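Scroll down for the structure; my scribbles are underneath it.
The values are calculated or read from the model by the stated rules, or taken from the named source; none is laboratory data. Remember, it's a predicted structure, so these values are computed and weren't measured experimentally. Please note: Cβ atoms are built from the backbone with ideal geometry, for glycine as well, and neighbour counts cover all protein chains shown. For the accessible areas, the whole protein counts, side chains as well, though only heavy atoms, and no ligand, DNA or RNA atoms are used. Shrake-Rupley method; radii C 1.70, N 1.55, O 1.52, S 1.80 Å.
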Amino acid sequence: MTLKLHNTLTGRVEAFVPAQPPEVRMYVCGPTVYNRAHIGNFRTFVATDVLRRALRHLGYRVTGVMNVTDVEDRIIKFAADAGTDLRGFTGTWIAAFEEDMAAMRMERPEHFPRATDHIPEMIELVERLTARGHTYSADGSIYFRIASFPHYGRLSRLDVSGIQAGVRVDNDRYEKENARDFVLWKLKSDEPKWAQWDAPFGPGRPGWHIECSAMSMKYLGESFDLHCGGVDLIFPHHENEIAQSEGGTGKPFARHWMHVEHLLVENATMSKSKGNFYMVRDLIEQGHRPDAVRYLLCQAHYGKKLNFTFEGLQHAVAALERIHGFVRRLDEVSGDGPAAPAVEEAIARSRKLFDEALSEDLNTPEALAAVHNLVSEGNSLLVAGAVTNAGAALLRQTIEIYDRVFAVLLPSGEDRLSTEEQAVYDERQAARQNREFQRADAARARLVALDIVVEDTPKGTRWRRVK
């Protein structure tokens, strides 16, 4: 099934076509680590986590990168105020982010690079841009000349005709009306020595935008399939990424751009002054369930604003309890015989709706509706006594498939297979279905090597960890 996804670059929902299917190379702009990420940040992070899971569900193989920005204007100021250096200051917040990722049941991407570990790649990219005539020096810093890149403004629909040549901006973040030549390499003599690196063009540190270009191209190549982030990053960050990446390589940068809309809290913009500013940790400490927070973040389409409310959070708990209760009832079924046709038909209808929803611009509300439709039909079949052990196993297996996308649909405390483990488990199941018993035995042996034992029971195949 072909995935259709909104592409910010073209402004259309269009077929997502990776360069080398089924391989997908995907980059997500990650956290800037001077504090914990707030729930608005996690709206984007959870949406992109669901996207990578959905891609895998639809048959793609994903190589993902999420960067960590651990050097920029605010981080340097806060680290200096705290009397520490970059590594000491940001290490605390990176650990906090990883803790929140786990609470939100996000998969760790294949690559999770820190900006300060990739300064040589950034210096090299600045040198390439200079060699191709895209830069100039002023007051010891290196700037990108917007006028040298004719396509500047294409992503953000920015009219650059009124931008005066040679007018510069040093801040990392600014609005469209302040569009200027942006900084690639900063010399700030008033900053600590631990925030400066030697370079052929003089000591200093990278500008924010060059960081993502260098790291994405290192791990995914000079051209890759999918670049994701929040809508607040379209300008200037992603616009500048395109200019400096394509300016440095002469090749298209990212084929497809996916952006996640803002989160509101109780119909208002989140801000500390309004008292509606929340970190994931705040919600957990208030007694809210992290799986309900993740569920709520999936309830609106990623391209529409999401209104986060505490009433909505309670509704999310009720929705999850309904699904979890259904799974528990399936585990209590006893009764021999094959799965009833009504069970198989309900699963087929649900699977069709689920896959179509994910394929149609990652429509998570419709995908969740398909889950609840199956729960409703399944509960009716349970009441009617129409679910055998085999039928219960098929229904549970379907919920498990859906859970690989949403990660909150199984009752609390249930262990989950990792991506690698799940792939081997699925291979064994497919081999058994095709009566390829030698291949199935080989997959079983690989699972044992991963400390996982599988058992084929009348209720279906079960697995457990032995360590």
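If the segment from Asn276 to Ala442 were pulled out straight at 0.36 nm per residue, it would be longer than the present Cα-Cα gap by 54.4 nm. Distance between the C-alpha centers of region 76-130 and region 167-184? Whole Å please. Taking the Cα centre of each part, region 76-130 and region 167-184 sit 22 Å apart. If the segment from Glu360 to Ala131 were pulled out straight at 0.36 nm per residue, it would be longer than the present Cα-Cα gap by 78.1 nm. For a paramagnetic label modelled on Arg351 (point 7 Å from Cα along Cα→Cβ), amide N atoms under 19 Å away belong, within region 423-453, to 423-436.
Pair-distance distribution of region 353-460: all C-alpha pairs, bin width 5 Å, starting at 0; shares per bin in whole percent are 2, 10, 16, 19, 21, 16, 11, 5, 0. Phi-derived couplings, Karplus 6.51 cos²θ - 1.76 cosθ + 1.60 at θ = phi - 60°, listed residue by residue for region 197-207: 10, 6, 8, x, 9, x, x, x, 8, x, x Hz, with x used for Gly and Pro.
Relative to the longest principal axis of the Cα atoms of the chain, the long axis of helix 419-433 makes an angle of roughly 40 degrees. Each 5 Å bin from zero up to the one holding the largest Cα-Cα distance in region 1-144 carries the following percent of pairs: 2, 8, 14, 16, 15, 16, 14, 10, 5, 1, 0.
Taken along the Cα-to-beta-carbon direction at a fixed 7 Å, the label points for Glu175 and Arg462 span 6.1 nm.
Ellipsoid fit via the Cα gyration tensor, region 136-200: semi-axes of 26, 12, 10 Å, each the root of five times an eigenvalue, largest first. Under 5 Å between amide hydrogens, built in the peptide plane, is the criterion, and for Val13 it picks out Asn7 among residues at least 5 positions away or on other chains. In sequence order, region 434-445 has phi-based couplings of 8, 6, 9, 5, 5, 5, 5, 5, 5, 5, 4, 5 Hz under the Karplus curve 6.51 cos²θ - 1.76 cosθ + 1.60, θ = phi - 60°, and Gly or Pro positions carry x.
Viscosity 0.890 mPa s, temperature 25 °C: give me the Stokes-Einstein translational D for region 247-362 in µm²/s, with Rh taken as the Kirkwood radius over C-alpha pairs.
Working: Rh = 18.2 Å.
Rounded, D is 135 µm²/s.
Please report how far the C-alpha centroid of region 7-74 lies from that of region 322-356, rounded to the nearest whole angstrom. Region 7-74 and region 322-356 have Cα centres separated by 32 Å.
So with the 1.4 Å probe, I'd like the accessible area per residue for region 133-189, rounded to whole Å². Don't jump to the answer; show the numbers that get you there.
On the way: 2940 Å² over 57 residues.
That works out to 52 Å² for each residue.
A 1.4 Å probe over all protein chains sorts Val466, Val167, Val405 by accessible area into Val466, Val167, Val405, starting with the largest.
Computed from Cα atoms, the angle from the helix 341-359 axis to the main principal axis of the chain rounds to 10 degrees. Against the main long axis of the alpha-carbon atoms of the chain, helix 310-331 sits at an angle near 40°.
For region 302-420, what does the equivalent ellipsoid look like in terms of its semi-axes, each the square root of 5 times an eigenvalue of the Cα gyration tensor, given largest first in whole Å?
26, 16, 14
Ligands, DNA and RNA left out, the 1.4 Å accessible surface of the chain is 50% carbon and sulfur atoms.
Less than 5 angstrom separates the built amide H of Arg255 from those of Phe224, Asp225, Leu226, all sequence-distant by 5 or more or on a different chain. With R₀ fixed at 45 Å, the C-beta to C-beta distance from Lys193 to Glu99 puts the FRET efficiency at about 0.90.
Apply the a/c threshold of 1.5 to the C-alpha gyration tensor of region 12-94 and tell me whether it is rounded, prolate or oblate. Judged from the Cα gyration tensor, region 12-94 comes out prolate (a/c at least 1.5, a/b above b/c).
For Val62, the residues whose amide H sits under 5 Å from its own are Val24, ignoring neighbours fewer than 5 places away on the same chain, with H placed 1.01 Å from N. If a spin label sat at a point 7 angstrom from the Cα of Ala384 along the line to its beta carbon, the backbone N atoms of region 329-348 nearer than 14 Å would be those of 340-347.
Beyond 22 Å between alpha-carbons counts as too far, so tell me which of Lys272/Lys305; Lys274/Lys305; Lys186/Lys251; Lys176/Lys218; Lys77/Lys186 fall in that bin. Can you show the working numbers first?
Values: Lys272/Lys305 19 Å; Lys274/Lys305 19 Å; Lys186/Lys251 26 Å; Lys176/Lys218 29 Å; Lys77/Lys186 15 Å.
Cα-Cα > 22 Å for Lys186/Lys251; Lys176/Lys218; rest within.
For region 85-206, the alpha carbon convex hull comes to 154 Å³ per residue, rounded to a whole number.
Quick one: Cα convex hull volume of the chain, Å³ per residue? Before the final figure, lay out each step's value.
Details: hull volume 76.7 nm³, N = 467.
Per-residue hull volume (Cα only) is 164 Å³.
Counting heavy atoms of the protein chains alone, Arg289 has an accessible area of about 70 Å² for a 1.4 Å probe.
Solvent-accessible area per residue in region 230-280 equals 36 Å², computed with a 1.4 angstrom probe and all protein chains kept. Calculated accessible area for region 1-55 comes out at 34 Å² per residue, all protein chains present (probe 1.4 Å; ligands, DNA, RNA ignored).
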